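Beneath this line is the structure, given in structure tokens, with notes to follow.
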Amino acid sequence: MEALNKEHERLCKKSNLSQSISDIQKTIDTLVTARNTIEKDSNATSLTVAKLQGSVKQSFDKINDDLKDVHSGLGKYVKALDKKFKDRPIPTSEYDALSSHPSLINRAIAMHLLREGQFSVASTFIREATANPPRVDSNTEPADGSIGLPNDLGMGPLKSESLQELFAEMYYILHELRDKKNLLPAIEWAKAHSATLEIRGSNLEFDLSRLQFIWLFMGGDQGNGQHGSFSGPQKALDYARCEFGRFQERYLREIQQLGAALAYEPNLQQSPYRLVFHNDHAWEEVATSFTREFCSLLGLSADSPLYIAATAGAIALPTLLKLQYIMKEKKTEWTTQNELPVEIPLPPSYHFHSIFVCPVSKEQTTDQNPPMRMPCGHVVAQESLMRLSKGSKFKCPYCPRESHPRDAKKVFL
């Protein structure tokens, strides 16, 4: 990878379009100057154009030379990529699970663009997808530009325009929070959805208010003319008296810590509360928490499913390439349709829900084939249970106890 990294660094430093853009801008400035000269004095047209021909030709020659460097750098980088990553076919199957769901793919792309704040691109994509709708089957939703989302706000299916407005609000609040250190829009949003957040057991509203207290305590609000060594703590104390009353039942200990920190104000760095008031990651943590809760109220995950799927696919790709090579050498085929032929280890952040794999059939349970707990405590899939019992008493495959299928209970994970 060292040679590839060197080519990449060289491409970024030298073989880029910055010089070409600069030369193009100079050419434009020369043409604009010539036009202004001719507009002021029409008699100078011939002389101005004559002078212009040589300079413009030189400019174009310079731009072409710049582009040659860019093409040369790209060529070297492509060769380095080809040398490092040999051209090998991507694993394929006769059955493509996504080809029969074009509307779902379009929906995932549109949702990703909206979630990333690319509203104009998302509008164009939805408009073009609607003008050229894919074939709709019984398993897909109509490509009508709508994105039906179950949500906790009681608003029913959300059209893309409504969803755009909601995400625009989210990005506005995040901009105020991250760039301007202004927590008030986020606090107002949390207050407006306080009941729902409370039901979810969310700490967002208190976390925002606590960070506002800390921000005031550290002198973040000195724009109203109040100065002095104790002006910040006094503002924080006033804010706590006004806002923390409703949080006492759940967060009394945290509020007491914030209040006790007032006594250590002259020497906070050596106090027991130093980490509370000097947390470099506090703003990013509360921004992440806000994004997660905002999306949760819309019935969405905090991260884009399209991004997660693409990243998981990239993680799995080396294993699948190796598998295809082995199958080719052993002249075997990949026959599975709805599952991968090997287990792909993913990082913990990509484990979103519990799953159960039947220890007998080695298959993952589904809604149609749920996990069943036998009286002895062992759990197998329902289909395995039926095969083992054949409708009568049977011996558990993992212990000596006998069970009857009617005594088994469905397990919910």
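The values are calculated or read from the model by the stated rules, or taken from the named source; none is laboratory data. On a predicted model such as this, the values are computed, not experimentally measured, just so you know. Because the Cβ atoms are built from the backbone with ideal geometry, glycine has one as well, and the counts that use them run over all protein chains shown. In case anyone asks, the SASA skips ligands and DNA or RNA and just uses the protein heavy atoms, side chains included. Shrake-Rupley method; radii C 1.70, N 1.55, O 1.52, S 1.80 Å.
Laid out as a table, the results:
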quantity	calculated
Close pairs from the range 401-413: first at pLDDT 85 or above, partner assigned to a helix (DSSP H, G or I), Cβ under 7 Å, at least 6 apart	405/385; 405/386; 405/389; 408/385
All positions within the range 350-368 that are open to solvent by less than 80 Å² (accessible area, probe 1.4 Å) and within 32 Å of the chain's Cα centre (by Cα)	350, 356, 357, 365, 366
Any hit, the range 244-261, residues being assigned to a helix (DSSP H, G or I), polar (S, T, N, Q) and open to solvent by less than 90 Å² (accessible area, probe 1.4 Å)	yes
Filter result for the condition that a residue is among the aliphatic types (A, V, I, L, M), buried (at least 19 other Cβ atoms within 10 Å of the Cβ) and modelled with pLDDT under 60, over 216, 177, 211, 158	158
Per-region count, the range 298-316, residues surrounded by fewer than 17 Cβ atoms within 10 Å (Cβ to Cβ) and closer than 15 Å to residue 197 by Cα	1
Residues being among the hydrophobic types (A, V, I, L, M, F, W, C), surrounded by 15 or more Cβ atoms within 10 Å (Cβ to Cβ) and out of contact with any Asp or Glu (no Cβ under 7 Å at 6 or more places or on another chain) - total across the range 68-85	1
Residue 239 aromatic (Phe, Trp, Tyr) and modelled with pLDDT of 90 or more	yes
Unmet criterion (only one of (1) over 30 Å from residue 319 (Cα atoms); (2) touching a helix residue (DSSP H, G or I) at 6+ places or on another chain (Cβ under 7 Å)) for residue 8	(1)
Subset of the range 180-207 that is at pLDDT 90 or above and among the acidic types (Asp, Glu) - its residue that is most open to solvent (accessible area, probe 1.4 Å)	188
Test: residue in the range 394-409 that is within 42 Å of the chain's Cα centre (by Cα) and not in a helix (DSSP H, G or I)	yes
Filter result (within 11 Å of residue 403 (Cα to Cα) and charged (D, E, K, R)) within the range 367-390	373
The range 17-42 residues that are open to solvent by 60 Å² or more (accessible area, probe 1.4 Å), paired with ones that are of a type in the set (Lys, Arg) and part of a helix (DSSP H, G or I) (beta carbon under 9 Å, 6 or more apart)	19/62; 26/62
Scope the range 391-413; condition open to solvent by 100 Å² or more (accessible area, probe 1.4 Å) and closer than 14 Å to residue 360 by Cβ; matching residues	395, 398
Scope the range 112-150; condition touching a Leu at 6+ places or on another chain (Cβ under 7 Å), among the hydrophobic types (A, V, I, L, M, F, W, C) and at pLDDT 50 or above; matching residues	114, 121, 122, 125
The range 271-294 residues that are within 19 Å of residue 196 (Cα to Cα), paired with ones that are among the basic types (Lys, Arg) and open to solvent by 90 Å² or more (accessible area, probe 1.4 Å) (beta carbon under 6 Å, 6 or more apart)	287/178
